[in-house]
Amino acid sequence: SATPGNLAGWYALQNRYGRLEFADVLKPAIELAKDGFPVSGFFTTLTRGSLGRIKDTEWRRVFRPDHDWQVGEVLQLPDLSETLSQIAADGIGCLYGGPLGEKLVARIQADDGAISVDDLESVSPLWEAPISTSYRDQQVNVPPPPAESFQVLLSLRILESFDFAQREPLSSAHLDLVFRVIRIAAGIRIQDNHKDLSAINALLGDVDELVSRAGDGEPVVGPTENWASGGPFDRSALKEHTTSMSVADADGNLVCLTQSLGSPYGSGVMIPGTGVIMNNFLNWGDLAADSPNAITPGERLAMCLAPSITTRNGQGVLALGTPGSYGILQTTVQAMVGYFDYGFELQDAINMPRARLLDGAVVNLENRVSVSTQDELRALGHALGMLPAYSWQTGGMQAVGRDAQSGALSGAADNRRDGAAIPV
């Protein structure tokens, strides 16, 4: 497990921009964990699917993976409720050097893990400016390195040179171009994932050669996933267990937050009596010292999270984020093309059939695309595989759109995973 930083980040965000006390913000979560909530089909699938992988007795006690969970059955998390109550009462120091942190360290070190109390006490959120690019007279903003979200910006920079008005939505002309550009941008990210902002800005600034490559009609084949290392790569480490949420208020403020445990239920280690599950993000690093993503003490690993906020004339017009491993960097672009280029309503742009590109020429596409378009895509060199109509493998977007003139808000939630658009 990597040292957990979410709690410190939540507190820093709320402390700087929030109107409520942090303890008050936690109250709904405390009550929900105490009273319970109806489980979803997505929960039952992930929990049953983790039965063979996770051996931790505390996790099994709480989530009962061998229980025949039914959709709508209530799951209560009293230990988590109590933990959140302690944080509300005592502050985040409860984790970062306090009794919760001591319990965490004791459990991790019992399995020869490396997290120490000093590691927890050293956690400090960083406030960093986003990186951005223009797209259709707007600015798309995403996190800077070590986030790998510049792949999204690079894809948009290339796509801006093409006129989608000449390409029927969900036609082979539309999808082939988007898939080609995604694969080109992924290759650049893998090859040149600079943590130097000037180098990334240089990549984003000169895309003429990439535009020519995207439009030359030649098949594009190459990797889309993580760093290529000298040893075998375990793709199972890439299974997604990420959450993204988008929020807007009446004053025009937008927040897009993406956080992750890594694999389903993270490392599968639950800190006894707390309801807290540990991540497995060290799986995303590389033990090879010469790797661009080598695990180094005190360093942050490159990560494919890409929450986005789009602005027009300085005003927020879209907050959009999704889970999905390296698919995050692909499906975000697909939805933005639907929203910005084709003018779909936000919910329709999210519902639009999406694809997950894998290494080589593999494109796993939701089966709502016409058979004739599927055949044309295969003829163009895509190794097409078919997914269910709405597949969780293509993400689970949550978004809020805002009209820059009227300030009217529209929420949209992906039915591929759990989520909802809720006005308050």
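The values are calculated or read from the model by the stated rules, or taken from the named source; none is laboratory data. In this text, all values refer to a predicted model and were calculated from it rather than measured experimentally. Backbone-built Cβ (ideal geometry, glycine too); neighbour counts: all protein chains shown.
For the range 308-336: of the residues being at positive phi and in contact (Cβ under 8 Å) with a residue 40 or more places away in the chain, which is surrounded by the fewest Cβ atoms within 10 Å (Cβ to Cβ)? Can you show your working first?
Filtering the range 308-336 for residues at positive phi gives 313-314, 324-325.
Retained after the next criterion (residues that are in contact (Cβ under 8 Å) with a residue 40 or more places away in the chain): 313, 324-325.
Working: 313: 9, 324: 27, 325: 24.
Selected residue: 313.
Can you tell me which residue in the range 32-61 is nearest to residue 241 (Cα to Cα), limited to those that are buried (at least 17 other Cβ atoms within 10 Å of the Cβ) and touching a Leu at 6+ places or on another chain (Cβ under 9 Å)? Before you say what the answer is, go through the steps one by one.
From the range 32-61, those buried (at least 17 other Cβ atoms within 10 Å of the Cβ) are 33, 39, 43-44, 46-47, 50, 54, 56, 58-60; that's our starting set.
Remaining after also requiring touching a Leu at 6+ places or on another chain (Cβ under 9 Å): 33, 39, 43, 60.
Numbers: 33: 19, 39: 16, 43: 11, 60: 18 Å.
Going through the qualifying residues, I end up with 43.
Has the range 33-42 got any residue that is more than 21 Å from residue 279 (Cα to Cα), in a helix (DSSP H, G or I) and in contact with a helix residue (DSSP H, G or I) (Cβ under 7 Å, 6 or more places away or on another chain)? Give the derivation first.
Looking only at the range 33-42, we keep the residues that are more than 21 Å from residue 279 (Cα to Cα), and these are 34-41.
Checking the rest, the ones that are also in a helix (DSSP H, G or I) come to 34-35, 41.
Add one more test, that the residue is in contact with a helix residue (DSSP H, G or I) (Cβ under 7 Å, 6 or more places away or on another chain), and what stays is 34.
Yes, some residue in the range 33-42 is more than 21 Å from residue 279 (Cα to Cα), in a helix (DSSP H, G or I) and in contact with a helix residue (DSSP H, G or I) (Cβ under 7 Å, 6 or more places away or on another chain).
Consider residue 125 carefully, then state whether it is surrounded by 18 or more Cβ atoms within 10 Å (Cβ to Cβ), of a type outside the set (D, E, K, R), within 20 Å of the chain's Cα centre (by Cα) and in a loop (DSSP other than H, G, I, E, B).
Numbers: surrounded by 18 or more Cβ atoms within 10 Å (Cβ to Cβ): no; of a type outside the set (D, E, K, R): yes; within 20 Å of the chain's Cα centre (by Cα): yes; in a loop (DSSP other than H, G, I, E, B): yes.
Here the answer is no, as residue 125 does not meet what is asked.
Tell me yes or no: at least one residue of the range 397-419 is surrounded by 18 or more Cβ atoms within 10 Å (Cβ to Cβ), touching a residue at least 24 places away in the same chain (Cβ under 8 Å), closer than 23 Å to residue 168 by Cα and touching a helix residue (DSSP H, G or I) at 6+ places or on another chain (Cβ under 8 Å).
Checked the range 397-419: no residue is surrounded by 18 or more Cβ atoms within 10 Å (Cβ to Cβ), touching a residue at least 24 places away in the same chain (Cβ under 8 Å), closer than 23 Å to residue 168 by Cα and touching a helix residue (DSSP H, G or I) at 6+ places or on another chain (Cβ under 8 Å).
Which pairs turn up if I take residues in the range 103-132 that are free of Cβ contacts under 8 Å to residues at least 12 places away in the same chain and look for partners that are in a helix (DSSP H, G or I) and surrounded by 15 or more Cβ atoms within 10 Å (Cβ to Cβ) with beta carbon separation below 7 Å, at least 6 apart in sequence or on another chain?
Within 7 Å, the pairs are 116/105.
Do you know which residues across the range 254-272 are in a strand (DSSP E or B) and either touching a Gly at 6+ places or on another chain (Cβ under 8 Å) or within 18 Å of residue 301 (Cα to Cα) (or both)?
Residues of the range 254-272 in a strand (DSSP E or B): 254-260, 270-271.
Matches in the range 254-272: 254, 256, 257, 258, 259, 260.
Looking at the range 1-30, I want the residues that are of a type in the set (Lys, Arg) and have a partner that is part of a helix (DSSP H, G or I) and surrounded by 12 or more Cβ atoms within 10 Å (Cβ to Cβ) with Cβ atoms under 8 Å, at least 6 apart or on another chain. Which pairs are those?
The qualifying pairs are 27/88.
So in the range 128-142, with the set limited to residues that are among the hydrophobic types (A, V, I, L, M, F, W, C) and assigned to a strand (DSSP E or B), which one is nearest to residue 313 (Cα to Cα)? Give the derivation first.
To start, the set of residues in the range 128-142 that are among the hydrophobic types (A, V, I, L, M, F, W, C) comprises 129, 131, 140, 142.
If we keep only those that are assigned to a strand (DSSP E or B) too, we end up with 131, 140, 142.
Working: 131: 16, 140: 12, 142: 17 Å.
Among those that are among the hydrophobic types (A, V, I, L, M, F, W, C) and assigned to a strand (DSSP E or B), it is 140.
How do the helices (runs of 4 or more DSSP H) wholly within the range 305-409 filter down when requiring 1 or more residues that are under 20 Å from residue 149 (Cα atoms) and at pLDDT below 95: which remain?
Numbers: elements: 328-336, 346-351, 371-379.
Answer list for the range 305-409: none.
Give me the residue from the range 108-122 that is among the hydrophobic types (A, V, I, L, M, F, W, C) and part of a helix (DSSP H, G or I) and, out of that set, nearest to residue 200 (Cα to Cα).
First pass over the range 108-122, keeping only residues among the hydrophobic types (A, V, I, L, M, F, W, C): 108, 110, 114-115, 117, 120.
Applying the additional criterion that residues be part of a helix (DSSP H, G or I) yields 108, 110, 117, 120.
Numbers: 108: 37, 110: 41, 117: 35, 120: 31 Å.
Filtering the range 108-122 for residues that are among the hydrophobic types (A, V, I, L, M, F, W, C) and part of a helix (DSSP H, G or I), the one nearest to residue 200 (Cα to Cα) comes out as 120.
Sort out which residues of the range 177-210 are of a type outside the set (Asp, Glu), outside any helix (DSSP H, G or I) and either more than 11 Å from residue 148 (Cβ to Cβ) or touching a helix residue (DSSP H, G or I) at 6+ places or on another chain (Cβ under 7 Å) (or both), and write them in order of number.
Keep residues of the range 177-210 that are of a type outside the set (Asp, Glu), which gives 177-191, 193-195, 197-205, 207, 210.
Next cut, outside any helix (DSSP H, G or I) only: 193-195, 207.
Residues satisfying the conditions are 194, 207.
Would you confirm whether or not the range 288-304 contains a residue that is surrounded by 23 or more Cβ atoms within 10 Å (Cβ to Cβ), more than 12 Å from residue 241 (Cβ to Cβ) and modelled with pLDDT under 95? Don't jump to the end; show me each part of the working.
Of the residues in the range 288-304, the ones surrounded by 23 or more Cβ atoms within 10 Å (Cβ to Cβ) are 304.
Still in the list and also more than 12 Å from residue 241 (Cβ to Cβ): 304.
Keeping just the survivors that are modelled with pLDDT under 95 gives 304.
Yes, the range 288-304 contains at least one residue that is surrounded by 23 or more Cβ atoms within 10 Å (Cβ to Cβ), more than 12 Å from residue 241 (Cβ to Cβ) and modelled with pLDDT under 95.
Do you know which of the residues in the range 366-394 that are in contact (Cβ under 8 Å) with a residue 24 or more places away in the chain, touching a strand residue (DSSP E or B) at 6+ places or on another chain (Cβ under 7 Å) and under 21 Å from residue 220 (Cα atoms) is surrounded by the fewest Cβ atoms within 10 Å (Cβ to Cβ)?
Going through the qualifying residues, I end up with 366.
Pick out the one residue from 120, 153 that is crowded, with 16+ Cβ neighbours inside 10 Å, more than 30 Å from residue 382 (Cα to Cα) and in contact with a helix residue (DSSP H, G or I) (Cβ under 9 Å, 6 or more places away or on another chain). Lay out the reasoning, then the answer.
On the way: 153 fails: more than 30 Å from residue 382 (Cα to Cα).
On inspection, the qualifying residue turns out to be 120.
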